[in-house]
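Here's the structure, in structure tokens; my notes come after.
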Amino acid sequence: MTDTTLPPPLVAAEVDLRDFQYMELDVRVLRDSRFAAQVSGDAFRAGVLLWCAAWHQVPCGSLPDDDIELANLAGYGRFVKEWRKVRDEALLGFVKCSDGRLYHEVVSEKANQAWNSKLLHFFERAKDRLRKTNKARLAEGKQALPEVTFEAWNSARLDASIPMEKAEASAGIPQNVPPANPGIPPENALRGNGEGTERERNGELFLKPPDGGSGAAPCAAPPPAPPAFDGSNAEALNGKAVVPIAGNWDLPEQWGVDAEALGWKPGEVLREAEKFRQYWVAGKGMGTRRSVKGWRQTWSNWLDKAAKDRR
């Protein structure tokens, strides 16, 4: 039952970020906030723990309005009376919404941003599959399937109640991609890492002429940097290029097959792959460069550690 006198939930009911290990923290906003300046030390500690708990609740950014559960999530365990002493201060920034849950305004904002990023990631995968399908259809003399906008794709996904792990197949985008024509080289038109060489980033477009004069003379353009590893361009990287993981990296099909052969369920493989991508793209591993073979071994090591952690 909902309470129409309360504001609507700040985050959609489907928003589940339990596979997101990291939550963005705006350090300046926190440092200068009323929460940091006015609440007691115990309330501050409890509040931060509740933010972390809310990040892995569903909907993300929310908490149940129940003191027994809140006491446990805030680190008070069964000491509910002690929790109630800091409750009002610890819940500063939370608002109760019409679904009966408490939503933190800032955490909810970060949740919506992260969810949109996740949706866009799945949409890019869907577009990439559509591109490959159309390439094969055109090679066979067939008409290409129409392109799909993000809005149409997401609307179709919501209307059909398609879960996130299958979201990329919505809005008429085929699930299975016919094998590419071997005579056509792979394309990466939808996959750019925007890195460039260090010289290009620094704006070093010209060098002094060989005679040492002061005039600027154009130099030959440096060879382009190899693209980041997106999961589908291993052949193009020739197994030699040392590159980072691309932001839109997708688990290579064979890697997933090998993981399932080791006993991992398909859903578990998808979750571990997303954790892997986040760690190497935006987590502690950000900026790491390896060959495709090196990334393959890194994935194997990742699964080994995950399996040990589950025991």
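Each value in this text was obtained by applying a stated rule to the coordinates, not by laboratory testing. The shown structure was predicted, so the numbers you read here are calculated from the model rather than taken from an experiment. Positions of Cβ are backbone-derived with ideal geometry, glycine not excepted, and every protein chain shown enters the neighbour counts.
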- Relative contact order (%) - criterion: Cα under 8 Å, at least six apart; region: region 27-110: 31
- Message: What number does region 218-311 give for Rg over Rh if you use C-alpha atoms and the Kirkwood radius?
- Response: 1.05
- Message: Amide H of ASP65 versus every other amide H placed in the peptide plane: which residues, excluding those fewer than 5 positions away on the same chain, fall under 5 Å?
- Response: LEU102
- note: region 84-141, Cα-Cα separations exceeding 19 Å make up a percent value of 59
- Message: For region 243-298 and region 94-129, what is the centre-to-centre distance using only Cα atoms, to the nearest Å?
- Response: 23
- In nanometres, what is the gap between the two model label sites at GLU253 and GLU69, each 7 Å from Cα along Cα-to-Cβ? 4.2
